[in-house]
Amino acid sequence: MTPLDVVPLTDVYVYQAAIVGVVVSAMVWRLGKIPRLQVMAWTLAVIVIYLRYGSYGQQVFYSNDQLHHAGLVDRFVEFGPPSELQWWVLTSRAPFVLPAILLVTAGLNTTLALKTVALISYLYLTQLLIRVTPKLDGNARLLQLYMTAVGASGLFFSALALRETTMMLAVALFLLHPSPRIRSITIVALFLLRPHLAAALLVGWIMARVARAFRTQRWSPSYVVIVISIGATIGYFLFILGLELGLGHPNTVLHRGGIEPITRIASNLVGLQFITAEESTVSFSISSLLLYRLVMSETVVIPVIFLLTAFLATRFSELGRITLWSFSIYLGLVTNTAFNSFRQNIPLMPIMGLVVLLAWGGRRQNSAKRSYPPVTASSRVNYET
C-alpha cells in the first residue's frame with residue numbers, strides 16, 4: 001500500500017479528478033443541494049483513494065474487478081473492438097465499459113473514466129428515486145437516501161471502478177420506467193452486466209404477474225414464505241440451466257439439498273453472506289467484514305426492513321411483489337456460486353428500500369385521508385401496502 005504522502009497532489013490524475021468534479025457539478029448544479037454534495041464527496045473520495053493506494057493499488061483496493069474493467073477498456077482502446085460475438089455478450093460489460101472508452105479516448109485516465117461512469121449512474125439513480133417518492137426535506141430526505149442505498153454505500157461504489165451503481169440504475173429503470181422500450185433496453189444492459197441478475201429480475205416480474213392473475217389467498221406471512229421458497233427453487237434450477245447452456249456443466253452446483261442452502265439463503269436475506277460463505281472465498285477477516293457492515297449498515301438494514309414489511313403487510317404493492325420474487329430467485333442463483341458477497345445484493349437494494357418508503361408513506365396518508373394517494377404514470381408505483 002502506498003503511503004498518503006508518496007503520490008503528490010500535483011499528479012495529473014488528481015487534476016483530472018478535480019476537473020471531472022467541477023464539470024459534473026456544473027451539469028447537476030440546478031438539480032439542488034443533494035447532487036452537488038454527492039459530486040463533492042465523490043471527488044474527495046476518488047482523490048483520497050488514489051493518494052492512499054496509488055495508480056495500481058486503487059485498482060485492487062476492495063476488489064480486483066476494477067483491474068479487470070480497466071484491462072477491458074485499455075485493450076479496446078489499443079486493439080479496437082473485438083469481432084467475436086461471445087466477447088460482446090459474455091465479457092464486454094458494455095453498458096459500463098463503453099462509456100468509459102469514450103472518456104479515455106477524450107484523454108481521461110482509464111480508472112478515472114470508469115469511476116466517472118459509476119458517478120453518473122449514481123447521480124441518475126438518486127434523481128430517479130427522488131422523483132418517485134413524496135417530497136421530503138431535512139432528516140426525512142437523508143433517511144430516504146439511506147434507505148435506498150444511495151447514501152454511504154452508493155457513494156462508496158461510485159468511487160470505485162465497479163459496475164454496481166450502473167446495475168442499480170438498470171434495475172431501477174426496468175422496474176420504474178413507464179416505457180416498454182426503455183425497460184427492454186435496461187434488461188438487455190443488465191444481462192450484459194450480470195446475466196443471472198437479469199434472469200432473476202425478468203422471471204421475478206413474470207412470476208409476480210402470474211401469481212397476481214391466479215391469486216388464491218390473501219397476502220400473509222405464510223404467503224411470503226411460499227414466495228421465497230418457490231423463488232429460491234426457481235433460481236436453483238435457473239442456475240443449473242445456465243451452466244448447461246453456457247458452460248456445458250449441468251451437474252456443477254454448490255449444494256444439493258439439506259440445511260446448507262437454507263442457511264445460505266437466510267444469511268443472504270439479511271445481508272450477512274459471510275456467515276455461511278466458503279472460507280476459501282472470504283478474503284477479509286470477520287472483524288473487517290463486520291466493520292464494513294457497520295459503516296454501510298444499510299446493506300443489512302434495507303433487506304431486513306424490506307422482509308419485515310413483507311411479513312407484516314396484509315396487502316403488498318405490485319412493486320414489492322416483483323421485488324420479493326426477483327430477490328428470492330436471485331438468491332437461489334447466487335447461493336449456488338462459491339463467491340457470494342453483499343455486493344451481489346446491492347443492485348436490488350434501492351428498490352427494496354423504495355418499497356419500504358412507499359409503504360410507510362402510504363400508511364401515513366391512509367391514516368390521514370382514509371384513502372390511497374393517486375399513482376402517476378411516470379412512477380409506475382403502487383402505493384397499496
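Judged by the mean number of other Cβ atoms found within 10 Å, the most tightly packed of the peptides 172-181, 315-324 leads the ranking 315-324, 172-181.
Counting Lys and Arg as +1 and Asp and Glu as -1, each charge on the Cβ, what is the dipole of region 1-193 about the Cα centre in debye, to the nearest 20?
Details: 13 positive and 8 negative charges, 159 e Å.
About 760 debye.
Among Val46, Thr186, His68, flag the residue with its Cα farthest along the positive direction of the charge dipole of region 1-193, charges on Cβ as +1 for Lys/Arg and -1 for Asp/Glu. About the Cα centre, the residue reaching furthest to the positive side is Thr186.
The numbers here are math on the coordinates, done by the rules we state, and not lab data. Model, not experiment: these values are computed from the prediction. Positions of Cβ are backbone-derived with ideal geometry, glycine not excepted, and every protein chain shown enters the neighbour counts.
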